[in-house]
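Read the structure below first, then the notes.
The values are calculated or read from the model by the stated rules, or taken from the named source; none is laboratory data. All figures in this text were calculated on a predicted structure; none of them were measured in a lab. Surface areas here come from the heavy atoms of the whole protein model, side chains and all, with no ligands, DNA or RNA. Shrake-Rupley method; radii C 1.70, N 1.55, O 1.52, S 1.80 Å.
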Amino acid sequence: WVCAAVAQQGAVAERLPAGRLVAAQFAACAANHVLPAGVGASAVNLRFLTRCGLSTARSATALAVKAAAGALVRFALAAVLLLASPRPLRLPSAVPRASLLLPAVGCAVAVVLAVALSRPVRHRARGAVRRVLADVRAVHGSRSRACALWGGSVGFALLHAAVLVAVVRALEVTVPAGHVLLAYLVASGAAVLLPTPGGLGSLDAALVLTLTAAGAPAAAALSAVFGYRMLTGWLPLLPGLLVLALLTRRSVL
């Protein structure tokens, strides 16, 4: 949550109240487990930024910059791990490769067709991309903002993966930490294709599959995913909802 707050601060030029920013990230995590993936967190952060004096358009652009940085960080880390350790993930023979490619291809084709066939959508998409690129350039005009954005994004991904590594180690599963890290990066990226509240179902299935591909027994992979979800999602859920209610009551959100 601190890393998410640091990354969000890096995406805006204005100085945000640090304590409330961290509390908003904690509340956003809880909201994300109630609404489809990304919607709850985006709504909370958008409301927080507008309450801090940013316009709705600038707040939405800041969220897009943060999301883009997070996606690029995950992609870059996964690429480095794949190059450093050839074939760390081996899919079970019962899982056909085509079954993993078809959803991704289908989603990509649907997005391309929607943008290509709808002129208003295409026009708005171009405007949104221009605003995001302008904000990205502005971020990299300040070293402190760039370090906050990228450092917070890297820390967020690595700390989530570290929880999964710790659970795998606690179960005494002999899978290298690098392979577990890669399994998390691949699974979290794949889960975006099927947005569900908190990644429920989509992230869980993807994590079990990638951990099994990394060499973990299926039962141990399932237990590891359950432990990871308990620590990062379900245990903080009630406190997060209480913080969300408190921030709303105090007009922070």
Discussion item. Test of understanding: what is the full-extension gain from residue 15 to residue 251, defined as 0.36 nm times their sequence separation minus their Cα-Cα distance?
Written reply: 83.1 nm
Response to the item:
With all protein chains present, region 142-191 has a carbon and sulfur share of its accessible area (1.4 Å probe) in percent of 70
Worksheet item: So what is the accessible area of region 139-253 per residue, in Å², with the probe set to 1.4 Å?
Response: 48
Discussion item. Averaging the inverse of every distinct alpha carbon separation and then flipping it gives the Kirkwood radius. What is it for region 1-79, in angstrom units?
Written reply: 12.7
Worksheet item: For region 133-253, rounded, prolate or oblate, judged on the Cα gyration tensor with a ≥ b ≥ c (square roots of eigenvalues), a/c < 1.5 rounded, else prolate if a/b > b/c?
Response: oblate
Worksheet item: Can you give me the relative contact order of region 136-253 as a percent, contacts being Cα pairs under 8 Å and 6 or more apart?
Response: 24
